[in-house]
Amino acid sequence: MHELAVTKSILKLVLNAAREIKAKKVQAIYLTVGEMRNLEQDWIQRYFDYISANTLAEGARIEVKKVPVVFHCKQCGQEFSADIHQEAMIHCSHCSSLDYSLLTGLELVVENMEVI
């Protein structure tokens with residue numbers, strides 16, 4: 001359900017940008033979404049279709065590029081990825097340390113949009 005709130009924010013951002021450039025219609029929106037956001041393209045599109053009715057963005061296609069979760073180990077300096085949905089305890093795959101920082105996976109960016 002959190003896709004609805006996110007999608008409302010996306011629509012607001014897109015409509016503001018479209019008005020600024022005096023676009024007549026938004027045809028596509030390109031998003032970069034980190035895996036930790038747990039956002040599904042199908043739900044974003046469904047909500048977007050519903051809330052964008054009678055706006056410049058009505059009928060726009062949503063394209064999502066997923067960014068994997070990548071950590072940086074503070075112990076050994078290596079980067080590693082983990083499936084946050086499968087692993088109960090995340091640890092460095094190189095040295096087993098639990099001391100790491102998140103590098104990627106929380107992104108939520110409107111990268112681009114196609115307008116006419």
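Derivation of every value follows stated rules applied to the coordinates shown; laboratory data play no part. Keep in mind the model is a prediction, meaning the values are calculated, not measured. Neighbour counts are summed over all protein chains in view; Cβ atoms, including those assigned to glycine, are modelled from backbone coordinates with ideal geometry.
For the chain, with a Gaussian network of springs between Cα atoms less than 10 Å apart, report the residue from A88, A23, A53 with the top mean-square fluctuation. Of A88, A23, A53, the Gaussian network model singles out A88 as fluctuating most. Dividing the mean sequence gap of close Cα pairs (under 8 Å, 6+ apart) by how many residues region 2-115 holds gives a relative contact order of 35 percent.
What is the diffusion coefficient of the chain in µm²/s, taking the Kirkwood radius over Cα pairs and the Stokes-Einstein relation at 10 °C with a viscosity of 1.306 mPa s? Write out the running numbers ahead of the final one.
Working: Rh = 15.7 Å.
The calculation lands on 101 µm²/s.
How charged is the neighbourhood of L39? Take every other residue with its Cβ under 11 Å from the Cβ of L39, and add Lys/Arg as +1 and Asp/Glu as -1.
Values: positive: R37, K66; negative: E3, E35, E40, D42, E107.
Its environment carries a net charge of -3.
Helix-only estimate, please: 222 nm mean residue ellipticity of the chain, summing -39500 (n - 2.57) across DSSP H runs of length 4 or more and dividing by its residues, to the nearest 500. Don't skip to the end; give the middle numbers.
Values: 2 runs with 30 residues, N = 116.
Mean residue ellipticity, 222 nm, calculated: -8500 deg cm²/dmol.
Would any residue of region 54-74 have its amide N under 13 Å from a label point 7 Å out along Cα→Cβ of H94? List them or say none. Counting only backbone N, you get 71-74. Pairs of Lys residues in region 2-115 are counted when their Cα atoms are under 23 angstrom apart and they lie 8 or more places apart or on different chains; the count is 11. Under a 5 Å amide H cut-off, with hydrogens placed 1.01 Å from N, G34 pairs with V67, E107, L108 among residues at least 5 apart or on other chains. Taking amide H positions as modeled 1.01 Å from N, with prolines and chain starts lacking one, the residues under 5 Å from A28 and 5 or more places away or on another chain are R61, E114.
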